[in-house]
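Structure first, commentary second.
The values are calculated or read from the model by the stated rules, or taken from the named source; none is laboratory data. These figures come from a predicted structure and were not determined experimentally. Heads up, the Cβs are rebuilt from the backbone with ideal geometry, glycines too, and the neighbour counts pull from every protein chain shown. Accessible surface areas use protein heavy atoms only, side chains included; no ligands, DNA or RNA. Shrake-Rupley method; radii C 1.70, N 1.55, O 1.52, S 1.80 Å.
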Amino acid sequence: MEERKPSKATLISLFLFVVIEVLGFSIVLPLLPYLVQYYGMTPTQAGLLQSSNALAQLIAVPFIGALSDQYGRKPLLILCIAGTFTSFMILAQAKSTFWVFFSRILDGIIGGNISLVHAYVSDITDESNRSQGLGMIGAAFGLGFVVGPALGGIMVKYSPQAPSYLAAALSLLNLVMALIFLKESLPAEKRVVISERESIFGPLVRQVQDSFWDHRTSRALWLRFLYLIAFTAFETTFGFFNKALGNDARTAGYLLCWFGIIYSMIQGGGMKALKARFLEDDLLRWSLVILAVFYLSYG
């Protein structure tokens, strides 16, 4: 079997793509509690704001993935990036709570960019180098998290809308880069073909069924689900916790910056060294234990 080895140019393009994408949403992340105060939202509305984005992603991302299996990764990536750009522009110009909610829900519905990038990496790699490719994406995610929150903390001193405008500009840059430099990773002969009588989402239903019937895959999905619940809870409450301690948005950005530095170091080089010494299953178990201790200390 011929080894699939992505070119350096492709990996660099994907790395920059993810960095810019993460920069966009991480710029806004530590500012949400202050935006909530600016628009006069209640604590319940603040919680629903984040939940609405996550719920929209939960519903939409599997369908976006199914469509990318049928029509290719690049068209769906372009659609998602354009949706992210639009959502940030709406957030920047929002005059009421309704439009703030609308922007976050829109970003959730058409915001499957990172999921599509993971699928893209899986297309251009094989088992021998897939973990390295995904580790690079993780490092890019961490790097974006290093710069984004700190940059958002600096921008907010000009106005509450300034970080959203900057995030929109970065999304627009990503859109241009994807249109010019990104090549399609899923050739036509490997795409899912559906019959005329079959629903367009028939392959998705079968894939979900097969995943839950397979013991190893279903266990991995449940672990991912529980991990995302914990991470989303941290992500959602961090800004409010920081604000309760009397810190401003800039401090929240700097704290998240440190989180990004550690994350990037582990994904960029630490994970490769750990995999050389330990089994992946053991790494997963200990990672979850360490994560639980971290969240307990945070609480």
Degrees between helix 43-71 axis and first principal axis of the chain (Cα, 0 to 90, nearest 10): 20 degrees
Checking rank on 47-54, 13-20, with mean other Cβ inside 10 Å and highest first, the result is 13-20, 47-54
Mind pulling the angle between the C-alpha long axis of helix 130-155 and the longest principal axis of the chain? Nearest 10 degrees, somewhere in 0 to 90. 20 degrees
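Report, in listed order, any pair from K190/K275; K95/K157; K183/K275 with a Cα-Cα distance greater than 21 Å.
On the way: K190/K275 31 Å; K95/K157 19 Å; K183/K275 30 Å.
K190/K275; K183/K275, as the Cα separations exceed 21 Å there.
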GNM top mover of L31, L255, L288 - the chain, alpha-carbon springs below 10 Å: L288
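Please compute the contact order of the chain in relative form: average sequence separation of alpha-carbon pairs under 8 Å and at least six residues apart, divided by the residue count, as a percent. Numbers along the way, then the final one.
Numbers: 356 pairs, mean separation 92.6, N = 299.
Dividing the mean separation by the residue count of the chain yields 31 percent.
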State in Å² the accessible area per residue of the chain; use a 1.4 Å probe, count heavy atoms of protein chains only, and round to the nearest integer. 56 Å²
Kindly provide the pair-distance distribution of the chain built from C-alpha pairs, with 10 Å bins from 0 and whole-percent values in order of increasing distance. 6, 25, 36, 25, 8, 1
For helix 249-265, what angle does its Cα long axis make with the longest principal axis of the chain, in degrees from 0 to 90 and rounded to 10? 30 degrees
At 7 Å along the Cα-to-beta-carbon direction for both T232 and R219, put a label point, then send me their distance in nm to one decimal. 2.5 nm
From the helices alone, meaning DSSP H stretches of at least four residues, give me the mean residue ellipticity at 222 nm for the chain, per-run term -39500 (n - 2.57), in deg cm²/dmol to the nearest 500. -26500 deg cm²/dmol
For the range 32-95, what is Rg from Cα atoms divided by 2.2 N^0.38 Å, rounded to two decimals? 1.40
Have a look at A276, A230, A56 and tell me which one the Gaussian network model of the chain (Cα, springs below 10 Å) gives the largest fluctuation. A276
Whole-Hz Karplus ³J(HN,Hα) for the range 79-85, in order, using 6.51 cos²θ - 1.76 cosθ + 1.60 and θ = phi - 60°, x for Gly and Pro? 4, 5, 5, 4, x, 5, 4
Among all stretches of the chain without exposed GluC sites (Glu not before Pro) (DSSP loop, at most 12 other Cβ atoms within 10 Å), which one is longest? 4-126
